[in-house]
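Worksheet: one structure, shown below.
Nothing in this text is a laboratory measurement; each read-out follows from the coordinates by a stated rule. Note that the structure is predicted; figures quoted are calculated from it, not measured. As a convention, Cβ positions derive from the backbone with ideal geometry for all residues, glycine included, and neighbour counts pool all protein chains shown.
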Amino acid sequence: MNAPDSVPESPDLPEANRRFETLPPEEILRWTVETFAPDVVLTMSFQHEGVVIAHMLRGIAPSTPILFIDTGYHFPETLAYRDRLVESFGFPVRNVRAAMPRAEFIARHGDDLHARDPDLCCKINKVEPMQSALVGVRAWVNGRRRDQASTRTGMPIVERIGGGIVKVNPLASWTSRDTWQYMNRHGIPTHPLFEQGYTSIGCAPCTRPVLAGEDERAGRWAGRGKVECGLHTFLDPAEGDE
Ligand code: SF4
C-alpha cells in the first residue's frame with residue numbers, strides 16, 4: 001500500500017484534533033478515508049463501538065477492511081454475532097489469527113496460558129497478529145472511548161504512534177449512551193451478552209459481567225492487575241506529536 005501523490009504524508013494532527021472535537025464521527029471518518037485510503041483499516045472485536053464505526057463506514061467507504069483478531073478464545077456468542085452482522089450488513093471482515101497454529105500453541109503453552117501468563121497469551125494471540133496485519137497501514141481506526149476507563153481519559157481523536165501510523169479514535173468523546181442511541185436509531189442488534197451484564201467483551205476466559213457501580217471495563221482480566229490487552233499500547237505515541 002502506497003500513499004497517493006496528492007495526499008500529504010504528515011497531516012497537522014494537533015490542528016485536526018482541535019477541529020475534530022466538535023465534528024461528528026462520520027466527518028472524522030470521511031477525513032480519514034480522504035487522507036489515507038486505501039491504507040486505512042478498522043479493527044474491532046464486535047463490541048458495540050466497532051460495530052457503530054463499521055456501520056458508518058458503509059456509507060463512506062464500504063470496502064475499508066475490518067480486522068477481527070480471532071484469538072481462538074472468543075465467546076461463541078461473539079462469533080455468532082460477527083457472522084450475523086456480516087450477513088446483514090456485508091461488513092468486509094478479515095479474520096486475523098496467530099502465526100502459530102493452534103495445535104502448536106497448545107502443545108507449547110497448554111490451554112491455560114491466559115490464566116498463568118495473560119500478557120504472553122495476549123502477545124501471541126493478539127499483539128503479534130495485529131503487528132503483522134498493520135504492515136503497510138497508515139491509518140488505524142478503532143472504537144475506543146475516553147469514558148471507558150481511567151487509562152483512556154486523555155485520549156486524542158487522532159494520534160501518531162510508532163511506525164508512523166495515525167491512530168483514529170472517532171468515538172473518543174462519545175458515551176455508551178451515544179453508542180446505544182446510534183444502534184437503536186439504525187436498527188443494529190446488540191451483542192447477545194450485553195443484556196447479561198457484559199459491558200466490555202473480550203476473550204471468554206478473561207471476561208466476566210460487571211457488577212453494579214463498576215467501570216465498564218472492570219470485567220476484563222478482573223483481579224489480575226491487567227487493564228489492556230496490549231493492542232493499544234504496543235506502539236507508543238510517537239515522540240513530540242501530541
Ligand atoms: S484476552 Fe485472555 S484469552 Fe484472550 S489473548 Fe489475552 S490472555 Fe489470552
query = What single numbered condition from (1) closer than 20 Å to residue 42 by Cα; (2) loosely packed, with under 15 Cβ neighbours inside 10 Å fails to hold for residue 76?
reply = (1)
query = Can you name the residue in region 194-208 that is under 22 Å from residue 119 (Cβ atoms) and either among the aliphatic types (A, V, I, L, M) or more than 16 Å from the ligand (Cβ to nearest atom) (or both) and is also surrounded by the fewest Cβ atoms within 10 Å (Cβ to Cβ) among such residues?
reply = 204
ask   = Out of the residues in region 102-141 that are near the ligand (Cβ under 9 Å from one of its atoms) and among the basic types (Lys, Arg), which is nearest to residue 47 (Cα to Cα)?
value = 126
remark   = All-but-one check, residue 11 against (1) surrounded by 15 or more Cβ atoms within 10 Å (Cβ to Cβ); (2) under 17 Å from the mean Cα position of the chain (by Cα), failing number (2)
